[in-house]
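The values are calculated or read from the model by the stated rules, or taken from the named source; none is laboratory data. Since the structure is predicted, the reported quantities are computational estimates derived from the model, not experimental observations. Here the Cβ positions follow ideal geometry from the backbone for every residue, glycine too, while neighbour counts run over all protein chains shown.
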Amino acid sequence: MRTLSFAGLVLAAGAAAVVAACGTSAAGGEAAPASASVGRTDAAAVRDVTIPSGTLLHLTLTTAVASNTSQVEDAVAAELTNAVMVGGQTALPSGALVAGVVRAVDASGRGKGRARLALDFTSVTSGGRRYVLSAERFSRQAFATQGQDATKTTGGEEVRFPSGTDVSIPLAAPLTVRVGK
C-alpha cells in the first residue's frame with residue numbers, strides 16, 4: 001500500500017478540483033456537459049430592439065427649469081413615466097433616466113417680448129447602458145398678457161417647469177436599445 005505525504009494529498013485534491021471545474025475527466029480528456037454555471041451569460045437572452053421614429057416618450061422632469069433662471073446648456077433631467085413597448089416587449093422601462101439640456105431661453109422683460117424656453121433631450125439610460133437619442137425639441141412660449149404692447153414694455157409671464165412637470169417628446173429618429181428576453 002502506498003502512502004501519500006500531506007503535501008502530495010493537497011496537490012492531488014487540488015488537481016481533482018481543477019479537473020472538475022474545467023469540466024474534463026482525467027481519464028478521457030473530453031469535456032463534460034456544462035450545467036448552468038454562475039457568471040455565464042446567454043447571448044440569446046439579450047437582443048437589440050429598435051424604437052421607431054415618432055414614438056412619444058412621456059417624461060416627468062426631475063429638475064426645475066425656468067426662462068428667468070435657466071441658462072443655455074444647463075442640464076435637464078427627467079424619467080420616463082410610461083414604459084416604451086415594441087412588439088409586446090418592454091424596450092425602455094418606466095423610470096428610465098432621460099438627460100438633456102436647455103437649448104434656448106429668453107426671459108421676459110422690458111422690450112424683450114414674451115418669454116421662451118426650449119429643451120433638447122439627448123440620452124436615455126436603461127439597464128446600465130446610456131443611449132444617445134434624437135428627439136424633437138420641447139419648446140414653450142409664455143402667454144401674452146393684456147396685449148402685446150404691455151408685454152413688450154413691462155415684461156410678462158415667465159415660462160416655468162417645476163420638478164414633477166410632465167412633458168412628451170416624439171423621437172426624431174429610431175432608437176436601438178439592448179433588452180433581455
Looking at the structure I just gave you, is LEU92 more than 17 Å from the chain's Cα centre (by Cα), surrounded by 20 or more Cβ atoms within 10 Å (Cβ to Cβ), modelled with pLDDT of 95 or more and assigned by TED's automatic domain parsing to the domain that holds VAL72? no
Do the conditions hold for THR62, that is, is it closer than 23 Å to ASP166 by Cβ and modelled with pLDDT of 95 or more? yes
With respect to THR60, is the statement that it is closer than 20 Å to GLY128 by Cβ, in a strand (DSSP E or B) and not acidic (Asp, Glu) true? no
Going by the conditions given, is ASN68 in the same structural domain as LEU171 (by TED's automatic domain parsing), closer than 29 Å to GLY164 by Cβ and modelled with pLDDT under 95? yes
Every residue in region 41-59 that is within 18 Å of ALA173 (Cα to Cα) and either in contact with a strand residue (DSSP E or B) (Cβ under 6 Å, 6 or more places away or on another chain) or at pLDDT below 95 (or both), please. ASP48, VAL49, THR50, ILE51, SER53, GLY54, THR55, LEU56, LEU57, HIS58, LEU59
